[in-house]
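Engineer: Can you read through this structure? Questions will come right after.
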Amino acid sequence: MSPDNPPVAIDAHGRLLVCATPIGNLEDVTLRVLRALGEADVIACEDTRRTRVLLDRHGVHAASLVSLHEHNERARAPQLADRVRAGDTVALVSDAGMPLISDPGYALVQACIGEDLPVEVLPGPSAVLSALILSGLPPDRWRFVGFLPRKRGQRERLLADTVETLVAFESPRRLSVTLDMLAHVDPQRPVAVCRELTKLHEEVSRGSAAELAKRYGERSPKGEVVLVVGGARSASSLQRQCPTT
């Protein structure tokens, strides 16, 4: 080969594929994600059993599955990054939706980015966006906060300070307490409770904080809940209304 035409360097690195999976209905998975799961050298799963159900449903034969959850991700992330560096394709999935969004995976993405390894996102279903749209509340300015704080005072301050539409995950066991708190602070504040999104018993309840506090004070819902709350009329005025604890 002529010295004027040196061989082209080939990047031997693999890649990390962050894959969104269904939030309920197993048909809500993209063709691109299914292909990636079938071609990956290893799939890092929040729960290998849950991922196996998805793979079996679509006839995907995966090379290897390993667990990556909140209790082991700090230790396992460097090991998986090593595999990417060695040339493997690693697919990352959580039990539902997009990894990292109130789910494990951040440590692995950070490990790969820190070593300048290729990271790609394969988008798909999102409980956050689905709930925001179904709520009927303004989508032009909104804020996702993950799970609401457990402490009442912290929840009050968060809700009082948020002047845009707020989207949060909430435990069905705490939902009635949160709605009751909202009703005391601002009874007319618009709220939507989105339950079991994309599943057989999907339910969306819309109304004022007072109306939904009464409804869910009589019975606790079952399943996964996404709470969407209209923006506070005025952060400072609502702070003055918040009862002290």
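The values are calculated or read from the model by the stated rules, or taken from the named source; none is laboratory data. Predicted model, so just to flag it, every value in this text is computed and none were measured. Virtual Cβ from ideal backbone geometry, glycine too; neighbours counted across all protein chains shown.
Engineer: Looking only at region 95-123, filter to residues that are surrounded by fewer than 18 Cβ atoms within 10 Å (Cβ to Cβ) and small (Gly, Ala, Ser); which one of those is nearest to Leu16 (Cα to Cα)?
Structural biologist: Gly114
Engineer: State which residue is farthest from Leu26 (Cα to Cα) when the search covers only region 53-62 and only residues that are surrounded by 14 or more Cβ atoms within 10 Å (Cβ to Cβ) and of a type in the set (A, V, I, L, M).
Structural biologist: Ala62
Engineer: Report, by residue number, each residue of region 1-27 that is surrounded by fewer than 16 Cβ atoms within 10 Å (Cβ to Cβ) and either modelled with pLDDT of 95 or more or in a helix (DSSP H, G or I) (or both).
Structural biologist: Of everything in region 1-27, those that are surrounded by fewer than 16 Cβ atoms within 10 Å (Cβ to Cβ) and either modelled with pLDDT of 95 or more or in a helix (DSSP H, G or I) (or both) turn out to be Asn25, Leu26, Glu27.
Engineer: Taking Pro99 as the residue in question, decide whether it is in contact with a Cys (Cβ under 9 Å, 6 or more places away or on another chain) and within 21 Å of Glu73 (Cβ to Cβ).
Structural biologist: Against the criterion (in contact with a Cys (Cβ under 9 Å, 6 or more places away or on another chain) and within 21 Å of Glu73 (Cβ to Cβ)), Pro99 qualifies.
Engineer: May I ask you to list the residues in region 182-194 that are under 16 Å from Gly217 (Cβ atoms) and buried (at least 20 other Cβ atoms within 10 Å of the Cβ)?
Structural biologist: Leu182, Ala183, Val191, Val193
Engineer: Filtering region 72-94 down to residues that are among the β-branched types (Val, Ile, Thr) and within 16 Å of Asp47 (Cα to Cα), which residue is surrounded by the most Cβ atoms within 10 Å (Cβ to Cβ)?
Structural biologist: Val93
Engineer: Which residue pairs have Cβ atoms closer than 8 Å, lie 6 or more positions apart in sequence or on different chains, and pair a first residue in region 195-207 that is assigned to a loop (DSSP other than H, G, I, E, B) with a second residue that is among the hydroxyl-bearing types (Ser, Thr, Tyr)?
Structural biologist: Taking only residues 6 or more apart or on different chains, the pairs are Leu197/Ser130; Thr198/Ser130.
Engineer: While we're here: Which members of region 35-47 meet the condition of being crowded, with 19+ Cβ neighbours inside 10 Å and either outside any loop (DSSP other than H, G, I, E, B) or at pLDDT below 95 (or both)?
Structural biologist: Of all residues in region 35-47, those crowded, with 19+ Cβ neighbours inside 10 Å come to 36-37, 40, 42-46.
Hits for region 35-47 are Ala36, Leu37, Val42, Ile43, Ala44, Cys45.
Engineer: So, one more: Please go through region 131-150 and give me each residue that is assigned to a loop (DSSP other than H, G, I, E, B) and aliphatic (A, V, I, L, M), ordered by number.
Structural biologist: Listed by number, the residues that qualify are Leu137, Leu148.
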